[in-house]
Number of protein chains: 2
Amino acid sequence: MAEPSLDALIEALRRLPGVGVKSAQRMAFHLLQHDREGAQRLAASLQGAVKNIRHCERCHTFTESPVCSTCLDATRDSRLLCVVESPADQAALERTGSYRGLYFVLMGKLSPLDGVGARDIGLGQLLQRVGDGSVDEVIVATNFTAEGEATAHVISEAMKSRGLKVTRLARGVPIGSELEYVDLGTIAHALSDRR
Amino acid sequence: MAEPSLDALIEALRRLPGVGVKSAQRMAFHLLQHDREGAQRLAASLQGAVKNIRHCERCHTFTESPVCSTCLDATRDSRLLCVVESPADQAALERTGSYRGLYFVLMGKLSPLDGVGARDIGLGQLLQRVGDGSVDEVIVATNFTAEGEATAHVISEAMKSRGLKVTRLARGVPIGSELEYVDLGTIAHALSDRR
Ligand SMILES: [Zn+2]
Ligand SMILES: [Zn+2]
């Protein structure tokens, strides 16, 4: 390849997470050969999102307004604050239809090995958020991975030291699963958290 | 999600080949959270490529010039024309350093089930390309898949009917492989094509 425009496109596509050089080539060839309108649309939507999307002043999630629609929803229970790692996690909780409180979205998780500390996720903003006394209970719903658990620990300690009630999503056997096929750690937690 | 800019970005990313809704979300969140400069660069390179990249008048590959640098390379043997499906296949052949002829890039393969016929790949342009009598031998280097073989068959017939010598890349056992682990079809072809 000695076509600068094509090389630049492949390089730019490679910066997307999970995209290697082969995928980037395939994407570039596909767009140029079969979907130039899709390429134009992607360019415009990238520019639009970068221009319009910022963080919600209350919950830190992505939004086009100073405060997002969830935070502005007066029908929600503002005494409950659920802390999640990402907007995708928030969406998963929303889909259950069983939570009517508010959220705080960290936009990341602690990952000391990758140099992601408390300052890189929204911990400071979370402290500010709960500082006004409007929240009674903080539900820590970070993922049940090593990094998610470490993040949960740090958040829980910080919330408790401010006198807030802190809870964590229950760990246990997933609905519909057979014990024989559930991993040992999950069964052990389900045993110790039995109710 | 009720953020139009974010939804539009996720939708646009989903049009990339191999990208589902989860990957598109992850890409969008990554760009907005960690790499807004990468997003800007991707937007600009998409626009640049769509604006600048066209097909080479001689070999049909992507190029920014009317005729690509390979076709203009006077040190290459213009009596040999190697037909490949894609620029990636051409690059693979070039990496061997053992071919010094010219190329024709179909930019696709026949795929009747997907409605891709001879007109959708560069067959007409290939016929025009070999029509001037400058080519002695056409080496058909489409992939050894069902669609690649069908494409090879159609091209071979068209070239032969114009009195051109047509060859195909040899099929056989890959270098470094143990027969025990090579599939039966490959061994059968290696047997019948033995030399
Ligand atoms: Zn919000
Ligand atoms: Zn060319």
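Looking at the range A:20-34, which of the residues that are in contact with a helix residue (DSSP H, G or I) (Cβ under 9 Å, 6 or more places away or on another chain) and open to solvent by 20 Å² or more (accessible area, probe 1.4 Å) is farthest from ligand 2 (Cβ to nearest atom)?
A:Gly20
Looking at A:Glu57, is it away from ligand 1 (no atom under 16 Å from the Cβ), open to solvent by 70 Å² or more (accessible area, probe 1.4 Å) and either touching a residue at least 12 places away in the same chain (Cβ under 8 Å) or more than 10 Å from chain B (Cβ to nearest Cβ) (or both)? So A:Glu57 fails the test. When the residues of the range B:103-141 are filtered to those that are acidic (Asp, Glu) and within 19 Å of B:Asp77 (Cβ to Cβ), which remaining residue is surrounded by the fewest Cβ atoms within 10 Å (Cβ to Cβ)? Once the filter is applied, the top-ranked residue is B:Asp132.
If I ask for residues that are assigned to a strand (DSSP E or B), within 15 Å of ligand 1 (Cβ to nearest atom) and farther than 17 Å from B:Lys22 by Cβ, which ones from the range A:84-113 would you list? Walk me through it before giving the result.
First, the residues of the range A:84-113 that are assigned to a strand (DSSP E or B): A:84, A:101-105, A:111.
Narrowing further to those that are within 15 Å of ligand 1 (Cβ to nearest atom): A:84, A:101-105.
Listed by number, the residues that qualify are A:Gly101, A:Leu102, A:Tyr103, A:Phe104, A:Val105.
Scanning the range B:17-27 for residues that are assigned to a helix (DSSP H, G or I) and either of a type in the set (Ser, Thr, Tyr) or at the interface with another protein chain (Cβ under 7 Å from one of its Cβ atoms) (or both) gives B:Ser23, B:Gln25, B:Arg26, B:Met27.
Counting only residues that are open to solvent by 30 Å² or more (accessible area, probe 1.4 Å) and within 7 Å of chain B (Cβ to nearest Cβ), which one in the range A:5-16 is nearest to B:Leu16 (Cα to Cα)?
Filtering the range A:5-16 for residues open to solvent by 30 Å² or more (accessible area, probe 1.4 Å) gives A:7-8, A:11, A:14-15.
Restricting the remaining residues to those that are within 7 Å of chain B (Cβ to nearest Cβ) gives A:8, A:15.
Working: A:Ala8: 17, A:Arg15: 14 Å.
Among those residues, the one meeting the criterion is A:Arg15.
Against the test of being more than 7 Å from chain B (Cβ to nearest Cβ) and away from ligand 1 (no atom under 16 Å from the Cβ), the options A:Ala49, A:Ala39, A:Ala44 yield a single qualifying residue, A:Ala44.
Collect the residues in the range B:65-87 that are open to solvent by 60 Å² or more (accessible area, probe 1.4 Å), away from ligand 2 (no atom under 11 Å from the Cβ) and in contact with a Ser or Thr (Cβ under 9 Å, 6 or more places away or on another chain), keeping them in residue-number order.
Restricting attention to the range B:65-87, the residues satisfying the condition of being open to solvent by 60 Å² or more (accessible area, probe 1.4 Å) are B:66, B:69, B:72, B:74-75, B:77, B:79.
With the extra rule that they be away from ligand 2 (no atom under 11 Å from the Cβ), the set shrinks to B:74-75, B:77, B:79.
Within the range B:65-87, B:Arg79 is the sole residue that qualifies.
All conditions in (1) surrounded by 10 or more Cβ atoms within 10 Å (Cβ to Cβ); (2) not in a helix (DSSP H, G or I) hold for B:Ile187, with the sole exception of (2).
The values are calculated or read from the model by the stated rules, or taken from the named source; none is laboratory data. Everything quoted here is computed from the prediction, not taken from an experiment. Methodologically, a virtual Cβ is constructed for each residue, glycine included, from the backbone with ideal geometry; neighbour enumeration extends over all protein chains shown. Heavy atoms of the whole protein, side chains included, go into the accessibility calculation; ligands, DNA and RNA do not. Shrake-Rupley method; radii C 1.70, N 1.55, O 1.52, S 1.80 Å.
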